[in-house]
Amino acid sequence: MSKREEKIYSPDVGWKDITHGGTITTAGNAELFLTGDWRSMKPVWLKDKCKQCLMCYYVCPDTAILIDENGKRIDFNYNHCKGCGICYKVCPFKAIDFVNEI
Amino acid sequence: MAYNFKEVARKPERFTGGHRMCAGCGAPVVIRQILRALKPEDHAVISAATGCLEVSTFLYPYSAWKDSFIHSAFENAAATISGAEAAYNGMRRRGKLDQEGETKFIAFGGDGGTYDIGIQALSGAMERGHDMVYVCYDNGAYMNTGIQRSSATPMFADTTTSPVGRESQGKNQRKKDLTEIMVNHHIPYVAQTAAIGNLKDLYEKAEKAIYTKGPAFLNVLAPCPRGWRYEASDLMQINKLAVDTCFWPLYEVVEGKYTVNYKPKNKLPVVEFLKAQGRFRHLFKKGNEELLDMIQKEVDRRWERLLSLEASN
């Protein structure tokens with residue numbers, strides 16, 4: 001990250017530091033913003049029960065279920081998961097548990 | 001090309017996490033799948049009308065889009081993207097572009113920015129025949145500003161500007177049928193879809209819309225847990241009920257020819273869809289049976305009409 005970009009992401013950014021016209025030059029940088037702390041309920045992946053059907057992968061609104069290079073799902077990305085529970089309701093094999101965050 | 005669920009999953013993700021849509025929102029699911037229909041080597045230029053999607057995915061200095069994105073006003077997403085398309089064609093004609101793959105132009109709008117505020121820009125862009133796709137994600141009210149009624153709000157839904165009380169039973173008017181309006185623009189491709197099952201219908205329609213030369217329009221159901229008042233985790237169940245009750249039929253119109261893509265084996269009564277949502281709770285009070293009946297009749301009428309249009313191709 002360049003010095004200028006670093007400045008943009010800090011809370012004390014001033015008008016002289018921001019980009020002209022409010023342009024965003026790094027596509028897809030919302031990944032840096034962590035929405036995981038919104039969660040009150042948390043999905044838990046039960047690896048043994050998972051049949052890799054990938055239904056959960058498609059229905060996640062937060063791109064928090066990722067797949068590896070072999071096309072298999074891997075564990076949740078808790079940095080982005082907001083704990084909506086759609087994956088847990090959609091799983092045909094009950095391979096996702098939905099529990100209290102704390 | 002047949003829909004291979006597992007192959008499609010391996011296509012690059014063009015919409016990242018870390019956007020600020022509500023937990024359980026129906027729109028990002030739809031957007032992810034539509035963008036996945038792009039070929040990996042192709043580029044996209046995207047614009048969104050003001051709405052939940054726009055204000056939550058493009059908060060300075062963060063963008064959840066891996067493609068070019070243009071921040072647009074409420075009424076002119078279609079005009080913005082048609083202008084970008086014209087500029088692109090101009091530059092290519094003069095040999096000023098040197099890139100691999102094609103560039104596709106996609107506009108997203110909520111129902112407020114499409115059914116109501118953006119309809120003149122949309123109608124104009126479709127009529128001018130730009131090679132673009134307009135996607136309306138229909139959540140049935142102005143959810144971004146606090147659930148105000150729009151012309152896409154279904155009859156008798158409770159919203160903050162059509163509140164239920166002693167004198168009112170929610171929105172009095174019928175839902176506008178935007179898909180039909182777009183069909184009557186006689187553009188090459190119009191479809192209505194929703195994220196159901198393994199999202200095959202949505203993917204295939206997105207692919208057709210993006211790779212059909214000329215203007216295309218998609219109307220996609222995007223349930224809103226806050227505005228519709230249902231449990232956030234029920235998204236896929238709500239989608240399924242909307243389709244199985246024929247409240248939201250899945251169909252496409254290619255060059256004026258209708259195809260109904262999904263005809264439920266057991267058409268459920270619309271009550272099943274309504275009772276899953278808090279915004280229709282008042283309809284289940286004693287004395288309101290007549291209103292439920294009215295909704296059922298309206299749904300049936302539109303469904304029958306659609307079937308007869310398909311039969312008369």
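The values are calculated or read from the model by the stated rules, or taken from the named source; none is laboratory data. Computed from a predicted model, the values in this text were never measured in an experiment. In this analysis, Cβ positions are derived from the backbone assuming ideal geometry, glycine residues included, and neighbour counts consider all displayed protein chains. Accessible surface areas use protein heavy atoms only, side chains included; no ligands, DNA or RNA. Shrake-Rupley method; radii C 1.70, N 1.55, O 1.52, S 1.80 Å.
For this structure, a couple of remarks:
- Any hit, segment B:158-165, residues being open to solvent by less than 40 Å² (accessible area, probe 1.4 Å), under 16 Å from B:Glu75 (Cα atoms) and touching a Gly at 6+ places or on another chain (Cβ under 7 Å): no
- Residue in segment B:6-13 that is surrounded by 14 or more Cβ atoms within 10 Å (Cβ to Cβ), more than 7 Å from every other protein chain (Cβ to nearest Cβ) and out of contact with any Pro (no Cβ under 9 Å at 6 or more places or on another chain) present: yes
- Residues satisfying the stated conditions in segment B:144-182, i.e. under 23 Å from B:Glu54 (Cα atoms) and without any contact (Cβ under 8 Å) to a residue 12 or more places away in the chain: B:Thr145
- Condition check for B:Leu218: in contact (Cβ under 8 Å) with a residue 40 or more places away in the chain, out of contact with any Leu (no Cβ under 9 Å at 6 or more places or on another chain) and not aromatic (Phe, Trp, Tyr): no
Residues are listed down the side, and each one gets a yes or a no for (1) in contact with a Cys (Cβ under 7 Å, 6 or more places away or on another chain); (2) facing chain B (nearest Cβ under 8 Å):
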| site | (1), (2) |
| --- | --- |
| A:Thr19 | no, yes |
| A:Gly22 | no, yes |
| A:Phe33 | no, yes |
| A:Gln52 | no, no |
| A:Met55 | yes, yes |
| A:Val59 | yes, yes |
| A:Ala64 | yes, yes |
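- Scope segment B:172-198; condition open to solvent by 40 Å² or more (accessible area, probe 1.4 Å) and either on the phi < 0 side of the Ramachandran plot or among the aromatic types (Phe, Trp, Tyr) (or both); matching residues: B:Asn172, B:Gln173, B:Arg174, B:Lys176, B:Asp177, B:Ile181, B:Asn184, B:His185, B:Asn198
- Evaluated against (1) open to solvent by 30 Å² or more (accessible area, probe 1.4 Å); (2) closer than 30 Å to B:Asn4 by Cβ; (3) not acidic (Asp, Glu), B:Tyr203 falls short on exactly one condition, (1).
- Restricting the first member to segment A:55-74 and to residues that are in the same structural domain as A:Lys94 (by TED's automatic domain parsing) and on the phi > 0 side of the Ramachandran plot, and the second to residues that are surrounded by fewer than 23 Cβ atoms within 10 Å (Cβ to Cβ) and in a loop (DSSP other than H, G, I, E, B), the beta-carbon pairs closer than 7 Å and six or more apart or on different chains are A:Thr63/B:Glu13; A:Gly71/B:Arg10.
- Of the residues making up segment B:118-157, those that are crowded, with 24+ Cβ neighbours inside 10 Å and among the β-branched types (Val, Ile, Thr) are B:Val133, B:Val135, B:Ile147, B:Thr153.
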